[in-house]
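The values are calculated or read from the model by the stated rules, or taken from the named source; none is laboratory data. Computed from a prediction, not measured in an experiment: that's the story for all the values here. So basically every Cβ, Gly included, is an ideal-geometry build from the backbone, and we count neighbours across all protein chains shown. Keep in mind that these areas ignore ligands, DNA and RNA; they rest on the heavy atoms of the full protein, side chains included. Shrake-Rupley method; radii C 1.70, N 1.55, O 1.52, S 1.80 Å.
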Amino acid sequence: MSALPYVYAAILDVLGYRERLAHDRKRGVLEFKDVLQNSLQCLQDINDAEFAHQTISDTVILTCADRLRVVDFLTVLRDVQVSFLVNGAFLRGGVTFQQHFRSGAITYSHAYAGAHELEASLAIYPRIVVDHNIVDMFESSGNSDMLRGCHLLCECNGVFFVNIVDEDNWQTLYEKAREMYRAESARIRQVEGVFAKHLWFQEYLMSSPHALPKSERYMPGIRVWAPEGN
């Protein structure tokens, strides 16, 4: 069996898609459609020959065939995630570098399958998980400085993900994330899965070296339940 070309492939899903769609249908509005359209404006200026992309419902799929364009590809993924966040939506996704074949209506892709597995099993929070094999590939070839120097990767508990926070956008992302949480806080009371995603993102922001010193956490912490007044 001849080997297929390798590509970077990312699969990104919008968190809360079904709930927001149901909200629009119930109220007879198109609010979430506007969020999707505004968020995807960031892809309009991207050269499809370099970074192929398509959107199917709540899923954004991107590929890049040039192994050495990894930093550029991570930059595209960062920009897409930031665009969705600024427009009021969290993304979750995965990115891999594996074999890929596409011709006309036929798509056979280990890269898509791997990216989907990462998105579904490991991303969990609003983040784009990067396959550790990509990091290993650059480490083993002695080119890890390319990845380390771009500041586009974070690592926590052995999981790598795309870093979307920098000095210029920290405050904007903080304010948008806080606004999203406050808008949802009543609806997600006792909905622990959604609460955990907001909490994780808050801690990601607050752990950034670019966090403003006097910024406060916008989500409630754990408290001991005791008689009132104590």
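Quick notes
- Of all lysines in the structure, those lying under 18 Å Cα to Cα from residue 214, and not within fewer than 8 positions of it along the same chain, are 176.
- 0 to 90° range, to nearest 10: angle between helix 192-206 axis and the chain longest Cα axis: 80 degrees
- Restricting the calculation to Cα atoms, the chain shows an Rg/Rh of 1.00 when the hydrodynamic-style radius is the Kirkwood one.
- Distance between the pseudo-spin-label points of residue 184 and residue 141 (7 Å out from Cα toward the beta carbon): 3.7 nm.
- Here residue 117 sits with roughly 120 square angstrom of accessible surface, probe radius 1.4 Å.
- Structure-based [θ]222 nm, the chain - -39500 (n - 2.57) summed over DSSP H runs of at least 4, per residue, nearest 500: -12500 deg cm²/dmol
- With respect to the chain, whose longest principal axis is taken over its alpha-carbon atoms, helix 170-184 is tilted by about 60°.
- Extending 7 Å from Cα along the Cβ direction at residue 159 and again at residue 228 yields two label points whose distance is 3.9 nm.
- Value of relative contact order over the chain, rounded to a whole percent, pairs C-alpha under 8 Å and six or more apart: 20 percent
- Helix 17-27 axis, angle to the chain major axis (alpha carbon atoms, nearest 10°): 60 degrees
- Sorted largest first by accessible area at a 1.4 angstrom probe radius, with every protein chain in place, the residues 26, 33 fall in the order 26, 33.
- Accessible surface of residue 172 - all protein chains present, 1.4 Å probe, nearest 10 Å²: 70 Å²
- Taking every C-alpha pair closer than 8 Å and separated by at least 6 residues, the mean separation divided by the residue count of the stretch 128-208 gives a relative contact order of 24 percent.
- Residue-span extension gain [residue 45 to residue 175] - 0.36 nm each, minus C-alpha spacing: 44.2 nm
- Prolate/oblate/rounded label for the stretch 97-207 (Cα gyration tensor, a/c 1.5): oblate
- Structural size metrics of the stretch 15-107, computed from C-alpha coordinates, are Rg and Dmax of 14.9, 47 Å.
- Relative contact order, percent, the stretch 56-143 [alpha-carbon distance under 8 Å, six or more residues apart]: 25 percent
- Centroid-to-centroid, using Cα positions, the stretch 121-149 and the stretch 170-230 are 28 Å apart.
- Mean projected area (nm²) of the alpha-carbon convex hull when the stretch 178-218 is viewed from all directions: 2.9 nm²
- Charge dipole of the chain (Cα centre as origin; +1 on each Lys and Arg Cβ, -1 on each Asp and Glu Cβ, all else neutral): 800 debye, rounded to the nearest 20.
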